[in-house]
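> Dropping the structure in here first, questions after.
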Amino acid sequence: MGEQLEGGGIMPHENIQGIDGQHNRAQVIWKPAGNTAHAYHDPEPGYVQVMTEDPDSPARFPERRISAEGNTGETLWGLDHGEPCTGFAITLDRDGCNRMIRALRRARDSAFGADA
């Protein structure tokens, strides 16, 4: 259901299905800021992560071959090489999250008209 947090909690998230009726989705994940009153450690910042995912994607990350000497060799592309690539994510701080919300509202209003 979600990523396990330290202390046993589950990282909150929501899934938004795409309009194509397939498995494509966006997932919004967030982590609240950590203990902000700790005397010995800096507070752990919270974040919001937005991920797009297509579990059935045939895309793959390129595979880089490395020689025994540690030198990078050829990069192999294609469906027969590399790890599966089912999605991409961006992690945002508060300012980035606010900018994305404003951009989504502008896009929504432009595509569908403003809400009443």
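The values are calculated or read from the model by the stated rules, or taken from the named source; none is laboratory data. What you are looking at is a predicted structure, and each value in this text was computed from that prediction instead of being measured. Note that each Cβ is placed from the backbone with ideal geometry, even for glycine, and that neighbours are counted across all protein chains shown. For the accessible areas, the whole protein counts, side chains as well, though only heavy atoms, and no ligand, DNA or RNA atoms are used. Shrake-Rupley method; radii C 1.70, N 1.55, O 1.52, S 1.80 Å.
> How many residues does region 79-89 contain that are touching a residue at least 24 places away in the same chain (Cβ under 8 Å) and open to solvent by less than 80 Å² (accessible area, probe 1.4 Å)?
Quick first cut of region 79-89, residues touching a residue at least 24 places away in the same chain (Cβ under 8 Å) only: 84-89.
Subset that is open to solvent by less than 80 Å² (accessible area, probe 1.4 Å): 84-87, 89.
Total satisfying the criteria: 5.
> Mind checking which residues of region 37-54 are modelled with pLDDT under 90 and surrounded by 11 or more Cβ atoms within 10 Å (Cβ to Cβ)? Outline the logic, then answer.
Within region 37-54, the first condition is being modelled with pLDDT under 90, and the residues that meet it are 37-46, 53-54.
Scanning region 37-54 gives PRO43, GLU44, PRO45, GLY46, GLU53, ASP54.
> Mind counting the residues in region 97-116 that are under 18 Å from ALA26 (Cα atoms) and open to solvent by less than 100 Å² (accessible area, probe 1.4 Å)?
First, the residues of region 97-116 that are under 18 Å from ALA26 (Cα atoms): 97-105, 107-108.
Filter once more, so that each one left must be open to solvent by less than 100 Å² (accessible area, probe 1.4 Å): 97-98, 100-101, 103, 107-108.
Summing the residues that are under 18 Å from ALA26 (Cα atoms) and open to solvent by less than 100 Å² (accessible area, probe 1.4 Å) in region 97-116 gives 7.
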